[in-house]
Amino acid sequence: MGTYIVQRLVWLPIILLIISFITFALGRFGPGDPVEILMGQYADEQVVERVREQRGLNDNIFVQYGRYLNNVAHGDFGESFKYRGRTVSELLRNKMWVSAQLNIAALLLSVSIGIPLGLFAASKQGTSWDIGTVAMTLLGQSIPIFLTAPVLLIVFALKLDILPTHGWGGFFDTRIILPAVAMGVPGIAIITRLTRAATLEVISQDYVRTARAKGLPESIVQRRHILRNALIPVVTMLGFSVAGLFFTSFIVERFFGIPGMGSLFIEAIFARDFPIINAVIIIVTTMFVMINLIVDLIYPLLDPRIRLGGAYAS
Amino acid sequence: MPLTCLNTYKQARYSVFKEQNMGWKSLLLTFGVLILAAACSGSSGNGSSSETSATTTPAGASDSNGQASDSTGTGKPLEGGRLVRLFIDPPTLDPHLTTDATSATIIVEVFGGLVTIDTNLEVVADLAEGWDISGEGRVYTFRIRPDAVFHDGKPVTAEDVRWSLERATNPLTEAPNVDQYLGDIVGVDAKINGDAREISGVRVVDERTIEITIDEAKSFFLAKLTYPTAFVLDQISVEANPKNWFRKPNGTGPFMMTEYKVGETIILSRNENYHLGPPKLAEVEMILSGGTSMLMYENDEIDIAGVGLADLDRLLDPTHSLNGELLKAAPAFSIQYIGMNVNEPPLDDPKVRQALNLAVDKREIATIVLGDQVVPANGILPPGFPGYNPSVSGYDFDPVRAKQLLAESKYGGDLENIPPITITTPGSFGANVSLDMEVVLQMWEKNLGIRTEFQQTEFATFLKDLNKRRFQMFDIGWIADYPDPENFLDILFYSDSSNNHTNYNNPEVDALLEQARVETDETLRFSIYNQVEQIVLDDAPWIPLWYSGERYLLVKPRVQDYLQTPLIIPKLRHVYLTDN
Amino acid sequence: MLRDDAQPETEHYGQASRSYWAISIRRLLRKKIGVGCLAIILLMYGSGILAPLVTPYGYADIDLSSTKQGPSLAHPFGTDQTGRDVLTRVIYGLRTTVIITVVTLVTGSLALGITLGLVAGYFGKIIDSIIMRVGEVSSAFPEIFLVLIIVATIKAPITDWVRGIEDTIGIEIVRLGVVDYLVLSLALAIFSWFGMARLVRGQVLQVREDQYVEAARAIGCSTPRILFRHVLPNVMGPVIVMVSAGLAGVAGSEILLSFLGIGIQPPTPSLGLMIFENGNIAVLRTNPHLLLFPVLTLSLLLFTFNLLGDAVNDAFNPRAR
């Protein structure tokens, strides 16, 4: 187990180096020039060239990359090209936190509805209750946010006038409700299906049959074995969604007026704001790798049959 | 500038089709220079709302029921109060770095320069109380008002003006477009290129007098000084915190920025000492996080909302409850056009270009597809713009004549001989930007038999290819930076201009443009520009489409004297609220 | 479907036999839901592919005299802002969605994902590590950025190349939008393989030690043969579920690319773009048909795919009865 963790951690810096270099190189050689965008329409070739020189963008790419890495190592992601005078850390910090809170709220919603539904469907396996439950959640997953968001807004903000139309006030504020619902509904289907499948598998396992045969009360069987097992899908889901944890889609942000990461990142792409793009990619990748590692470490705690390096770990 | 224009243009278009808020979208679009541009983008954030454009006062949108729309002030005027608007986070609040409409909209309220533009769109004194022009139109001597002070109470001096100009032209400032706005001043070129430490053409005469020498007697120089690049900053506050001074800017404008939460809100408060008369409002709140402007307006969360095409259908119904709050204004000083590269076959033959012009029924597209939110363009200069002359003759829809011209061209009437045409547009940013283009393409196919291919590219790539003149045909817009015809005709059609993306080159036009630059008699100058405009239209490197910008917006009845202007100018100080 | 020409002895051990498939299919067909889903999907794919035959109008037929009409007999789904028939555009949009999703899934998820998953799981060690780490990275990477760069870079050369072919064979290909489909699918495929590879690898790790694989190895079957004939069929159930789930993702990405201006070029309709363009409150309140019909069509497609995925899973997974 120890060596396994070490192995995974050794990969991390290598991965980060490769990714950040690719991103960095794309910034220098890919289509589109940030300086041209920055300096505006009237700027002539000469001026653009001068600014490029001034910012060290004409140096050898490895020199530039080295300089960048050095700064990052000191916690300095540089200054945005587009939002002049603002550091990348400043721009990202608040927005990532907003996105993370919203994502967590949505995840909580999916889980708190999805697990009971999954358990319920599994207990009614094969009946029309089962099929109906799964179908309902699938329907929620199939409707695009372009429809759910406007409908939610029209119903709750405009007609009923019980929730605000836009804005952000943190986790414990009514303004988080509508966006969290819009983002959380599609996730219900995933959690429900995973829970149902995991539960069905456990029910048929020998140790559960044994437990029942031993005459353990049904409630204990459920608590000890089935519920614990149902946590696996939640953990899996967490692993999957974590790459996006610090992101909200710009679509949700647009509809509900949320100052999150999605818009910033898309803007950065349009403006070729590479300091922001690089930083986002480095941060998100690190998070993704780390949290996947943690997820892998949690699995054996939930299910003794899983061993590290085995089927679930990757 | 085109981009800008583009921006604007997009926004306008955007708003035409969506009502949403996508503030950031406008941002994207605004890379260009922008000046006081209109469309603002900023304004509302997205499309939605922007109120920017439009001329001054509301002409009752509700023509339909013949009722003047503006809030007929039944209420009593209130002293103070807070105006709430949906906005978007400005990319910068440093006037010298501004290139976009969003930033400019806030900056003009917080900062000021020697001169500004008033609500009649004329250049008037701001920090200067007056100026003399001598040396055959090349030397401007400005006298600074004795009561002009920064927000912290410090008087504005000639040294402040000089220092600000030096800062704007310092290569390390990396001010975009500085050569465009200040490049007429003697010595600015040398300063920008690092060959001089100071601008030779700027001289402090005494504490309250500054003398600026320009290279030729360009009468549009004053208009350029209204752009934020020429605004006056407080040296002490900037140097005390070179990176972050604009979080708590010490400007000279009618409003002080008292609160700025990035991505959330900006609060502007009244500057009691403002030399042109303090604002009536106590505060203006700008919501930066976005949202759906129409909903927010209906829920009384904001006071002003732009109206997109989809909502317009509903609101124009006289029985709709909000119909009375709808305002209609003239379009912004911007034009949307299709540019044709005159070196690329088959567009190298003027007859082909003219035929393409004649085969488009702009009026039909404007009224039906764009819901009358744009005004079909006959010429190049927008209506109401200095030098605008309604008698220039553009192209009316005439499919018969179009076909005939095409047959007379060197490619003949045989469509087989005509090389393929591709039109490129910048990425849509989600707006249905291509709708009107699709109609144009269909009209060409129907009326001329020419099939044109459509190509969208992502914005940054589009920009690069445009500057490199790689397009055969492109769809773009232009928005005025300052109110002078030079800003359209010289910049877009002078053969050596970097913004002449069509490769248009007519020695006669070049000679006229050079002559107009130094003509001091305004009537004569404008008539030269009219001549240029007519020649360009006849040569047809463009297909002018329409003058765009947001034409409709909703304003709460309690808000009075909110002006929509085709340029971005300081205007919030005139607004007041009633108890309505 | 795999045809069974296997040697008898392996057939005995492997589940890759015709009987396994036959049983599964039969099980699936016995379920009304499964059959219903299949029918709907076939209908939608069929009308998409045969769009030119089944649509009443041309997708670019602009008619400025009847814009934004609600549903009527002549236009069952109404008309859009330029008077084009929405039903026609929805069906053509369906075709776009069908092509992009299928091509992306086949190249990315199926070909790339399954192969790499099998290889990683079977060989383990360093090969496994490399594949999994690369995959982790590609799924952590905000794909929109890379896709944008890729499309912006490769599209022009590919278009030129196709034009060259056009000149020789004399058929207009570019106008059909083939290039768009190709470029988009390629770009999306790069990001869609990892989920599949990870899943297949996990299954392989379980199966690898099973007796029938050992037996196959003992009798001298080659590695590819073992992988594809013995290991793969065992993981088909989850794979199909994964594919059906992946559809929604691909359809979503297509919307994003359209938003950036590098998606399907107008006037070719795409469901994603239609939804994106009309997905706002104003349209919903004034001309709801512009949003509702494309949304319902796409939702129905995704819904039936998801439902089918479940049904298939039950049918193919011996544990679930």
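Report those strands (runs of 3 or more DSSP E) wholly inside the stretch B:100-159 carrying at least 2 residues which are under 27 Å from the mean Cα position of the chain (by Cα) and within 27 Å of B:Tyr388 (Cβ to Cβ).
Details: elements: B:115-117, B:123-125, B:128-134, B:139-144.
Strands (runs of 3 or more DSSP E) meeting the threshold: B:115-117, B:123-125.
Are any residues in the stretch B:312-338 out of contact with any Leu (no Cβ under 9 Å at 6 or more places or on another chain) and surrounded by 24 or more Cβ atoms within 10 Å (Cβ to Cβ), and if so, which ones?
Step one: list which residues in the stretch B:312-338 are out of contact with any Leu (no Cβ under 9 Å at 6 or more places or on another chain), which gives B:313, B:317-319, B:321, B:324, B:330-331, B:334.
Scanning the stretch B:312-338 gives B:Pro331, B:Ser334.
Would you mind stating whether A:Ala197 is buried (at least 20 other Cβ atoms within 10 Å of the Cβ), modelled with pLDDT under 70 and within 23 Å of A:Thr133 (Cβ to Cβ)?
On the way: buried (at least 20 other Cβ atoms within 10 Å of the Cβ): yes; modelled with pLDDT under 70: no; within 23 Å of A:Thr133 (Cβ to Cβ): yes.
So A:Ala197 fails the test.
What do you reckon, is B:Asn499 in contact (Cβ under 8 Å) with a residue 60 or more places away in the chain, closer than 28 Å to B:Ile568 by Cβ, outside any helix (DSSP H, G or I) and in the same structural domain as B:Val342 (by TED's automatic domain parsing)? Show your work before the answer.
Numbers: in contact (Cβ under 8 Å) with a residue 60 or more places away in the chain: yes; closer than 28 Å to B:Ile568 by Cβ: yes; outside any helix (DSSP H, G or I): yes; in the same structural domain as B:Val342 (by TED's automatic domain parsing): yes.
Judged against the criteria, B:Asn499 is a match.
If we scan the stretch A:116-133, do we find a residue that is within 30 Å of A:Thr174 (Cβ to Cβ) and free of Cβ contacts under 8 Å to residues at least 24 places away in the same chain?
So far as the stretch A:116-133 goes, yes, one or more of its residues are within 30 Å of A:Thr174 (Cβ to Cβ) and free of Cβ contacts under 8 Å to residues at least 24 places away in the same chain.
Could you check B:Phe471 against (1) crowded, with 19+ Cβ neighbours inside 10 Å; (2) within 11 Å of chain A (Cβ to nearest Cβ); (3) assigned to a loop (DSSP other than H, G, I, E, B) and say which number it fails?
Here B:Phe471 meets the rest and fails (2).
So the check is Cβ under 6 Å with 6+ separation or different chains; which pairs have a first residue in the stretch B:270-282 that's assigned to a strand (DSSP E or B) and a second one that's of a type in the set (A, V, I, L, M, F, W, C)?
B:Arg270/B:Ala282
Results for (1) at pLDDT 85 or above; (2) under 21 Å from C:Asn278 (Cα atoms); (3) assigned to a helix (DSSP H, G or I), shown as yes or no for each residue.
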{"position": "C:Gly34", "(1), (2), (3)": "no, no, yes"}
{"position": "C:Ile40", "(1), (2), (3)": "yes, no, yes"}
{"position": "C:Met44", "(1), (2), (3)": "yes, no, yes"}
{"position": "C:Asp63", "(1), (2), (3)": "no, yes, no"}
{"position": "C:Pro71", "(1), (2), (3)": "yes, yes, no"}
{"position": "C:Pro76", "(1), (2), (3)": "yes, yes, no"}
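Based on this model, can you work out whether A:Gly27 counts as crowded, with 20+ Cβ neighbours inside 10 Å, of a type in the set (Gly, Ala, Ser) and over 30 Å from A:Ile176 (Cα atoms)?
Numbers: crowded, with 20+ Cβ neighbours inside 10 Å: yes; of a type in the set (Gly, Ala, Ser): yes; over 30 Å from A:Ile176 (Cα atoms): yes.
The answer is yes for A:Gly27.
Could you please let me know if C:Leu290 is within 12 Å of chain B (Cβ to nearest Cβ), touching a residue at least 24 places away in the same chain (Cβ under 8 Å) and buried (at least 22 other Cβ atoms within 10 Å of the Cβ)?
Values: within 12 Å of chain B (Cβ to nearest Cβ): yes; touching a residue at least 24 places away in the same chain (Cβ under 8 Å): yes; buried (at least 22 other Cβ atoms within 10 Å of the Cβ): yes.
Against the criterion (within 12 Å of chain B (Cβ to nearest Cβ), touching a residue at least 24 places away in the same chain (Cβ under 8 Å) and buried (at least 22 other Cβ atoms within 10 Å of the Cβ)), C:Leu290 qualifies.
Hey, among C:Thr168, C:Thr159, which residue is modelled with pLDDT under 80, out of contact with any strand residue (DSSP E or B) (no Cβ under 7 Å at 6 or more places or on another chain), facing another protein chain (nearest Cβ under 10 Å) and at negative phi? Before you say what the answer is, go through the steps one by one.
Values: C:Thr168 fails: facing another protein chain (nearest Cβ under 10 Å).
Sole residue among the options that is modelled with pLDDT under 80, out of contact with any strand residue (DSSP E or B) (no Cβ under 7 Å at 6 or more places or on another chain), facing another protein chain (nearest Cβ under 10 Å) and at negative phi: C:Thr159.
Could you count how many residues in the stretch C:125-156 are within 9 Å of another protein chain (Cβ to nearest Cβ) and either under 30 Å from C:Thr223 (Cα atoms) or among the hydroxyl-bearing types (Ser, Thr, Tyr) (or both)?
Of the residues in the stretch C:125-156, 10 are within 9 Å of another protein chain (Cβ to nearest Cβ) and either under 30 Å from C:Thr223 (Cα atoms) or among the hydroxyl-bearing types (Ser, Thr, Tyr) (or both).
Every residue, every condition in (1) hydroxyl-bearing (Ser, Thr, Tyr); (2) touching a Gly at 6+ places or on another chain (Cβ under 6 Å); (3) modelled with pLDDT under 90, yes or no:
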{"residue": "B:Glu207", "(1), (2), (3)": "no, no, no"}
{"residue": "B:Leu222", "(1), (2), (3)": "no, no, no"}
{"residue": "B:Tyr227", "(1), (2), (3)": "yes, no, no"}
{"residue": "B:Gly253", "(1), (2), (3)": "no, yes, no"}
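Here's the yes/no breakdown for (1) at pLDDT 75 or above; (2) under 24 Å from C:Tyr181 (Cα atoms):
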| residue | (1), (2) |
| --- | --- |
| C:Asn234 | no, no |
| C:Ala245 | no, yes |
| C:Leu257 | no, yes |
| C:Gly261 | no, yes |
| C:Arg285 | yes, no |
| C:Leu290 | yes, no |
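Given the conditions (1) among the acidic types (Asp, Glu); (2) within 10 Å of another protein chain (Cβ to nearest Cβ); (3) assigned to a helix (DSSP H, G or I), report the number of the one that B:Glu239 does not fulfil.
(2)
Only one residue in B:Leu512, B:Leu463 is assigned to a helix (DSSP H, G or I), touching a helix residue (DSSP H, G or I) at 6+ places or on another chain (Cβ under 9 Å) and surrounded by 23 or more Cβ atoms within 10 Å (Cβ to Cβ). Which one?
Working: B:Leu512 fails: surrounded by 23 or more Cβ atoms within 10 Å (Cβ to Cβ).
Exactly one of B:Leu512, B:Leu463 is assigned to a helix (DSSP H, G or I), touching a helix residue (DSSP H, G or I) at 6+ places or on another chain (Cβ under 9 Å) and surrounded by 23 or more Cβ atoms within 10 Å (Cβ to Cβ), namely B:Leu463.
Look at B:Val342 and say whether it is more than 14 Å from chain A (Cβ to nearest Cβ) and either touching a residue at least 12 places away in the same chain (Cβ under 8 Å) or surrounded by 24 or more Cβ atoms within 10 Å (Cβ to Cβ) (or both).
On the way: more than 14 Å from chain A (Cβ to nearest Cβ): yes; either touching a residue at least 12 places away in the same chain (Cβ under 8 Å) or surrounded by 24 or more Cβ atoms within 10 Å (Cβ to Cβ) (or both): yes.
Spelling it out, B:Val342 is indeed more than 14 Å from chain A (Cβ to nearest Cβ) and either touching a residue at least 12 places away in the same chain (Cβ under 8 Å) or surrounded by 24 or more Cβ atoms within 10 Å (Cβ to Cβ) (or both).
When the stretch C:59-75 is examined, which residues are found to be out of contact with any Gly (no Cβ under 7 Å at 6 or more places or on another chain) and at the interface with chain B (Cβ under 10 Å from one of its Cβ atoms)?
Passing the criteria: C:Ala60, C:Asp61, C:Lys68.
Check the stretch B:160-182 and report whether any residue there is more than 21 Å from B:Thr92 (Cβ to Cβ), touching a residue at least 40 places away in the same chain (Cβ under 8 Å) and outside any helix (DSSP H, G or I).
Taking every residue of the stretch B:160-182 in turn, none turns out to be more than 21 Å from B:Thr92 (Cβ to Cβ), touching a residue at least 40 places away in the same chain (Cβ under 8 Å) and outside any helix (DSSP H, G or I).
Taking the criterion of being buried (at least 24 other Cβ atoms within 10 Å of the Cβ), in contact with a strand residue (DSSP E or B) (Cβ under 9 Å, 6 or more places away or on another chain), of a type in the set (A, V, I, L, M, F, W, C) and in a loop (DSSP other than H, G, I, E, B), would at least one residue in the stretch B:545-561 satisfy it?
Looking through the stretch B:545-561, none of the residues is buried (at least 24 other Cβ atoms within 10 Å of the Cβ), in contact with a strand residue (DSSP E or B) (Cβ under 9 Å, 6 or more places away or on another chain), of a type in the set (A, V, I, L, M, F, W, C) and in a loop (DSSP other than H, G, I, E, B).
Only one residue in B:Gly371, B:Gly384 is on the phi > 0 side of the Ramachandran plot, in the same structural domain as B:Met443 (by TED's automatic domain parsing), of a type outside the set (Asp, Glu) and surrounded by fewer than 18 Cβ atoms within 10 Å (Cβ to Cβ). Which one?
Numbers: B:Gly371 fails: surrounded by fewer than 18 Cβ atoms within 10 Å (Cβ to Cβ).
From the options B:Gly371, B:Gly384, the qualifying one is B:Gly384.
Looking at the stretch A:254-293 only, could you name the residues that are more than 9 Å from every other protein chain (Cβ to nearest Cβ) and either among the hydrophobic types (A, V, I, L, M, F, W, C) or over 29 Å from C:Arg133 (Cα atoms) (or both)?
A:Met261, A:Phe274, A:Ile276, A:Ala279, A:Ile282, A:Ile283, A:Met290, A:Ile291, A:Leu293, listed by residue number.
Read through the list (1) of a type outside the set (D, E, K, R); (2) surrounded by fewer than 20 Cβ atoms within 10 Å (Cβ to Cβ); (3) within 14 Å of another protein chain (Cβ to nearest Cβ), then give the number of the only condition that A:Leu92 fails.
It is condition (2) that A:Leu92 fails.
Kindly indicate the residue of the stretch A:132-150 that is at the interface with chain C (Cβ under 7 Å from one of its Cβ atoms) and among the aliphatic types (A, V, I, L, M) and also farthest from C:Leu298 (Cα to Cα) among those meeting that condition. Spell out how you get there, then give the answer.
Applying the first criterion (at the interface with chain C (Cβ under 7 Å from one of its Cβ atoms)) to the stretch A:132-150 yields A:134-135, A:138-139, A:141-144, A:146-147, A:150.
Adding the requirement that they be among the aliphatic types (A, V, I, L, M) leaves A:134-135, A:138-139, A:143, A:147.
On the way: A:Val134: 19, A:Ala135: 16, A:Leu138: 13, A:Leu139: 12, A:Ile143: 8, A:Leu147: 11 Å.
Checking each candidate, the answer is A:Val134.
Of the conditions (1) surrounded by 16 or more Cβ atoms within 10 Å (Cβ to Cβ); (2) within 13 Å of chain C (Cβ to nearest Cβ); (3) over 30 Å from C:Leu291 (Cβ atoms), B:Pro420 clears all except one; give me its number.
(1)
Is it the case that some residue within the stretch A:169-181 is farther than 21 Å from C:Asp314 by Cα, within 14 Å of chain B (Cβ to nearest Cβ) and among the basic types (Lys, Arg)?
Just the residues of the stretch A:169-181 that are farther than 21 Å from C:Asp314 by Cα, to begin with: A:169-181.
Retained after the next criterion (residues that are within 14 Å of chain B (Cβ to nearest Cβ)): A:169-170, A:173-176, A:178-179.
From the residues that got through so far, the ones that are among the basic types (Lys, Arg) too are A:175.
Checked against the condition, which is being farther than 21 Å from C:Asp314 by Cα, within 14 Å of chain B (Cβ to nearest Cβ) and among the basic types (Lys, Arg), the stretch A:169-181 yields at least one hit.
The values are calculated or read from the model by the stated rules, or taken from the named source; none is laboratory data. Everything numeric in this text was worked out from a predicted model, so none of it was measured. Please note: Cβ atoms are built from the backbone with ideal geometry, for glycine as well, and neighbour counts cover all protein chains shown.
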